[in-house]
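Taking it in order: structure first as structure tokens, then the write-up.
The values are calculated or read from the model by the stated rules, or taken from the named source; none is laboratory data. It should be emphasised that the depicted structure is a prediction, and the values quoted were computed from it without experimental measurement. Ideal geometry is used to build each Cβ from the backbone, glycine not excepted, and the neighbour counts take in all protein chains shown.
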Amino acid sequence: MLNIKKEDFEQLEVLANEEFDLKHSILQAKDALSRYSNENQFNHCEFNEDIWTLHDETEKTNRYINYDSLSEILLTSTKFELKTIVKCWASTLVDKGFSAGTITGKVNGLLQVVTISNGFSNNFSDSSIEYIEKSTSRSRLSFCNAVLNFLDYFPDADEEGIYTEKIWEIKSKIEKKVGIRELPSSQDILKFSMVVEDYFKTNLSDEHYRKYFCIYLWWNLTTIIPLRISEFCDIKRNSLDEVDDGFLLKLPRKKQNNRRIQVIDSIIIPKRLAKAINAYKDSTDKYGNSSTLISYLSLPFGKQYLNQKIDSESFDSNIFSYILKDFYDEIVCKRYGFKIIEQEEVKVVEHNLSLNKVINRNIRPNDTRHFAFLNLMTQGYHPVEIARLGGHVSIYSQYHYHQHLEYWVDSEVMELMLKFNLNQNIGQHTKDIFDEKEFKERFILRPSENKEVHIPLSIGYCTDPNQNCKVEDHVFCDAWRITFEEYKEKADIIMKKMNDKENVTKQLIYNLKDLYHIAIKGFKNDLYSEKNVLFNRELIETSKQLKHSLYQLAMLKEKVTTNE
């Protein structure tokens with residue numbers, strides 16, 4: 001995972017907006033529904049029909065969705081028939097492999113809200129929000145998740161962000177109360193990243209290369225630029241062009257008309273990534289035509305399932321999810337020896353199993369989109385810039401990611417990214433990279449090169465012969481060290497310094513979130529627009545202060561944790 005910087009995007013090319021590609025969305029929906037209906041004789045989901053039947057294997061019963069209530073509702077901002085859009089969205093849930101109960105719960109929850117709000121009409125917003133707030137706690141969260149998921153898929157349904165903002169406020173209160181965490185831990189991310197970096201530096205067999213290249217590309221691309229997994233899978237075969245400034249990758253954005261925000265359709269990518277893409281294309285051209293960059297026909301199992309695939313020349317998110325699961329099973333677990341706690345067969349960690357060999361939750365296809373968004377926020381990008389990079393034509397969609405900012409920092413994912421910056425060659429040291437002691441010595445402690453230097457301080461000692469300290473308090477300096485004996489004596493003092501720094505960091509997180517909320521609510525106001533130099537400077541300065549505070553806190557935590 002790379003740490004994106006503002007200057008990395010100076011060469012971005014912005015293309016004109018296009019209308020929502022309804023024809024393509026319907027084709028994808030029919031493809032997903034056809035596969036689903038073929039899986040079980042009791043499943044009956046025809047796109048052109050208003051009643052869908054989904055068989056629940058767990059309960060041994062059928063569940064139903066009825067779209068008839070949407071027949072008369074048009075979206076005033078787009079003039080699209082809302083029923084068609086909702087069916088396209090519902091098919092994405094089917095494509096993700098959710099259970100029949102989950103799919104029908106989400107879709108029927110959305111149908112209730114859509115009907116009550118008359119298609120997210122501004123005139124019905126107060127009564128619709130009141131309806132959600134007065135529902136049971138479980139139903140309230142279900143409504144929020146369903147509506148926000150749909151609005152992220154088709155943000156023009158709530159063009160002014162009225163429903164998005166209010167529903168996010170309801171959802172955040174629920175999640176804070178029950179302690180819901182949607183993202184994987186920093187250690188789960190780190191372990192997966194190290195496996196990817198190491199595995200793709202080995203000599204892969206032709207079969208494994210063709211099967212798992214999509215994992216390498218997804219991890220290296222979508223942690224930098226926020227792409228939905230459907231967008232990643234839809235990248236076209238001829239999407240890469242060499243230009244004067246480097247290599248330009250065209251992105252298949254699903255966009256709607258919008259007067260304010262122009263979605264970024266192309267991005268300059270690193271030469272090494274462009275080289276990898278061209279090599280993959282050269283090696284897979286012989287397997288047949290492919291409209292998408294990732295060739296479905298080149299997959300080792302591709303031809304076995306041709307009869308279940310409407311378009312054999314395209315790669316899709318359902319296939320990607322299947323490959324990602326295999327990558328965890330065959331590579332992360334079997335080859336690298338990790339155990340996945342969330343899997344049924346690994347409910348209790350074995351006593352003799354190192355915690356460093358445990359993963360609590362798999363990274364899911366759209367998690368990387370969250371990582372990229374949060375990274376952009378902590379770099380001080382304006383919400384309009386983030387919307388362009390993330391393919392959002394509605395700036396209000398970003399409320400979703402703001403809710404995770406505090407978690408992103410508290411879980412020390414930012415600390416993880418700092419570690420990557422400290423050693424750009426991390427992928428080269430993989431022989432014993434998963435040994436906890438070795439990891440701390442190489443990437444956390446980073447022992448001083450001047451081992452003979454030992455300048456006493458009031459707390460600990462300095463390892464810099466010139467004592468060129470750039471911080472007010474020595475404990476936050478790279479050159480600061482402390483012996484275990486002295487740490488035991490002065491642990492209370494050190495812990496107080498750590499707690500004080502944590503409080504400063506939390507305040508900076510709050511300040512940054514507050515600036516983003518101001519920018520979103522007032523982005524049409526010249527004072528808070530992306531063109532306002534003073535406001536943008538405040539965003540960047542606050543993000544710099546946050547990163548500096550995080551870095552100092554991380555350095556102290558690493559040394560103290562090692563001494564404990």
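Here are the numbers for this structure:
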{"quantity": "Test for residue 108: is it part of a helix (DSSP H, G or I), modelled with pLDDT of 90 or more and not charged (D, E, K, R)", "calculated": "yes"}
{"quantity": "Selection status of residue 103, more than 22 Å from residue 145 (Cβ to Cβ), touching a residue at least 40 places away in the same chain (Cβ under 8 Å), out of contact with any Asp or Glu (no Cβ under 9 Å at 6 or more places or on another chain) and assigned to a helix (DSSP H, G or I)", "calculated": "no"}
{"quantity": "Number of the condition not met by residue 266 [criteria: (1) at pLDDT 85 or above; (2) outside any helix (DSSP H, G or I); (3) not aliphatic (A, V, I, L, M)]", "calculated": "(1)"}
{"quantity": "Helices (runs of 4 or more DSSP H) within segment 117-229 that include 2 or more residues among the hydroxyl-bearing types (Ser, Thr, Tyr) and not assigned by TED's automatic domain parsing to the domain that holds residue 288", "calculated": "125-133, 137-153, 162-178"}
{"quantity": "Filter result for the condition that a residue is surrounded by 18 or more Cβ atoms within 10 Å (Cβ to Cβ) and either at pLDDT 85 or above or closer than 23 Å to residue 24 by Cα (or both), over 156, 68, 50", "calculated": "156"}
{"quantity": "Test for residue 207: is it within 24 Å of the chain's Cα centre (by Cα), surrounded by fewer than 22 Cβ atoms within 10 Å (Cβ to Cβ) and closer than 26 Å to residue 362 by Cα", "calculated": "no"}
{"quantity": "Single residue of segment 504-518 satisfying the filter (among the hydrophobic types (A, V, I, L, M, F, W, C) and without any contact (Cβ under 8 Å) to a residue 60 or more places away in the chain) that is farthest from residue 459 (Cα to Cα)", "calculated": "518"}
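Yes/no per residue for (1) surrounded by 12 or more Cβ atoms within 10 Å (Cβ to Cβ); (2) in contact with a His (Cβ under 9 Å, 6 or more places away or on another chain); (3) free of Cβ contacts under 8 Å to residues at least 24 places away in the same chain:
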{"position": "478", "(1), (2), (3)": "yes, no, no"}
{"position": "496", "(1), (2), (3)": "no, no, yes"}
{"position": "499", "(1), (2), (3)": "no, no, yes"}
{"position": "502", "(1), (2), (3)": "yes, no, no"}
{"position": "520", "(1), (2), (3)": "yes, yes, no"}
{"position": "523", "(1), (2), (3)": "yes, yes, no"}
